[in-house]
């Protein structure tokens, strides 16, 4: 029987698995799952290579301006043309991976660690600590993450480091809720009681006995979370907030291109496709993780 | 009676959460690296001018006194005075908020219009090509930032085909519906991706239940089966998902407004952010939080009305 609890927003996995009710033959599901995983990981590999080997792969310096060549159409010299300052768009997209992908991954991994730790603590300790931190989580989730990000950036000032910290503050809650929920069900089980009776200290129980049993969930959500972080960073870049020019960043590239939509539409479309494809890769990976989890 | 007590309890919770949010905002705004005087005058201000402005704003008083007058103002609906517009924040919000609300409601309606048929078709044609096609939409949709989707829609429908205005808000009901269509659709593309998936799953679960077997045995088929028997039971779980999505919807709407140059609170908060208009930024943040809390309360109450099996706690 379902019940409505006081404003408890249970985090929903981005892509709920389709296990159980879709009773397809076992082999077919497994094949489809590994195909998804391979395609997803393949896409992610391309992005990682772009970020790591940017100086080798990119044909031009992303910041080098060639004003006479400004707004050139795609050609063999500039595969995706040049922007309004004559900078090579392809090179800027490749270098953009170093900004968007790296910042998003740093923020999501940071949020994952903070959230997991708080989830473990509140779930295991219970009592006033749990009540207080649950109320804090409610408050953070009540403010739309976009406005909360703006408020935090106002306090922290511009720059990539502020952006990552602000994203951690807005993203940790989902992890904490996920982990807290699982810890609550595990807490009363015999192996935890046994660990406690054996006189183990709390940090050891949390990290060695609880974490291995609940950590997988947090890591599964990580793939979906990176998508949210990338779109958040790109959205802020688009609005001229966060990562400052002239750094190559996908969101600000889309914004720059918007003045030339009728003549050079690819200036906006190409960086957007790059974001969407990254999202697709991460969604495929998180999807196949979720399907695996449902079958366990 | 139980419902009334439940609503009362939830309202109390709404008030407490809002108080917490306002306290958080107050503290954050006082953690700013510069004082309001420095922010308003920028590099050009002399120390005397900075002190004068801080004094005029009451920023030089003890923090407890400032908090008390801030809270006193809030209780009277006074959100402070915008530095940028030199007018009360509540007046500015009265103009901008309706635009944002219209867009949010429009997007919600479009979500329903798009989600129900897609999910029904996918569920009724389970594991057929059309099901796979519909289920692939979320994978692509999820990575689409609203500002980019909005730009693409602008290029296609406003610049190339000139079917819709390329930005701004036309007056009148018809003008509103026309100029808000593309922004609302932008929002729907992401939201319906998630909603379709959830609704499809619950339709599949309902289809396996005994009462559907009974209905089928009585000879109920086709549209009557779907509309009369399946959907009323299947939409309830998705409704609870809607309350989770609503916060995301408001966030997305705020960004979408900037793409389409709509004069709502989203465009306003970005403008306010860029000139460090602290009262306006925190006022808008507080109002959006209130909006989300009230909306979630309404959805939860609706949930219990639609599904009497739900137990109120």
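Each reported figure results from applying straightforward, stated rules to the coordinates on display, with no laboratory input. Model, not experiment: these values are computed from the prediction. Heads up, the Cβs are rebuilt from the backbone with ideal geometry, glycines too, and the neighbour counts pull from every protein chain shown.
Per residue of peptide B:193-206, the mean number of Cβ atoms on other chains within 10 Å of the residue Cβ is 2.
Of all the C-alpha pairs in the range B:101-151, what % are more than 14 Å from each other? Don't jump to the answer; show the numbers that get you there.
On the way: 822 of 1275 pairs.
Result for the distance tail: 64 percent.
Once you reduce the range B:84-125 and the range B:126-204 to the center of their Cα atoms, the two points are 12 Å from each other.
With a 10 Å radius around each residue's Cβ, average the other Cβ atoms per peptide and rank B:57-67, B:88-98, highest first.
Numbers: B:57-67: 12.8, B:88-98: 17.5.
The most tightly packed comes first, giving B:88-98, B:57-67.
Working note: Debye formula, equal point scatterers on the alpha-carbon atoms of the range B:261-307, no solvent; log10 I(q)/I(0) at q = 0.15, 0.24, 0.32 Å⁻¹ is -0.51, -0.81, -1.06.
Computed over the alpha-carbon atoms, the range B:171-313 gives an Rg to Rh ratio of 1.11, Rh here being the Kirkwood radius from the mean inverse distance.
The angle separating the long axis of helix B:63-75 from the principal Cα axis of greatest extent in chain B is about 50 degrees.
Taking packing as the residue-averaged number of other Cβ atoms within 10 angstrom, the listed peptides A:209-219, B:198-208 run from highest to lowest as B:198-208, A:209-219.
Compactness of the range B:2-75 is given as radius of gyration and Dmax, 17.8, 62 Å, from Cα positions. Highest mobility in the GNM of chain B, judged by mean-square fluctuation with C-alpha springs under 10 Å and restricted to B:74, B:293, B:32, is found for B:32. Could you state the angle between the C-alpha long axis of helix B:278-306 and the longest principal axis of the C-alpha atoms of chain B, as a value from 0 to 90 degrees rounded to the nearest 10? Around 30 degrees separate the two axes.
Just the Cα atoms of the protein assembly as shown, one point each, no solvent: what log10 I(q)/I(0) does Debye give at q = 0.08, 0.12 Å⁻¹? The Debye formula, applied to the Cα set alone, gives -0.62, -1.42. The mean count of C-beta atoms from other chains within 10 Å of the C-beta of residues in A:249-261, rounded to a whole number, is 2. When the alpha carbon coordinates of chain B are projected onto the principal axes, the ranges are 85, 57, 34 Å, largest first.
At 20 °C and 1.002 mPa s, grab the translational diffusion coefficient of the range A:81-295 from Stokes-Einstein with a Kirkwood Rh over Cα pairs, rounded to a whole number in µm² per second. Intermediate results must be reported in sequence, preceding the final value.
Values: Rh = 19.0 Å.
In µm²/s, the coefficient rounds to 113.
By how many nm would the segment from residue B:140 to residue B:59 grow when fully extended, if each residue of separation counts as 0.36 nm and the alpha-carbon distance is taken off? Please report the intermediate quantities before stating the final value.
Values: separation 81, 0.36 × 81 = 29.16 nm, distance 4.90 nm.
Length difference between fully extended and current span is 24.3 nm.
Per-residue mean of foreign Cβ neighbours for B:300-308 is 1 (Cβ atoms of other chains, 10 Å radius).
The length gained on full extension between residue A:219 and residue A:204, counted as 0.36 nm times the residue separation minus their Cα-Cα distance, comes to 3.4 nm.
Largest GNM mean-square fluctuation across B:221, B:197, B:87, computed for chain B with C-alpha springs under 10 Å, falls on B:221. Angle of helix B:47-56 to the longest C-alpha principal axis of chain B, folded into 0 to 90 degrees and rounded to 10: 60°. In this rough spin-label picture, where each label sits 7 Å from Cα along the Cβ direction, the residue A:185-residue B:133 distance is 3.7 nm.
Among A:190, A:88, A:259, the largest mean-square fluctuation in a Gaussian network model of chain A (Cα springs under 10 Å) belongs to A:190.
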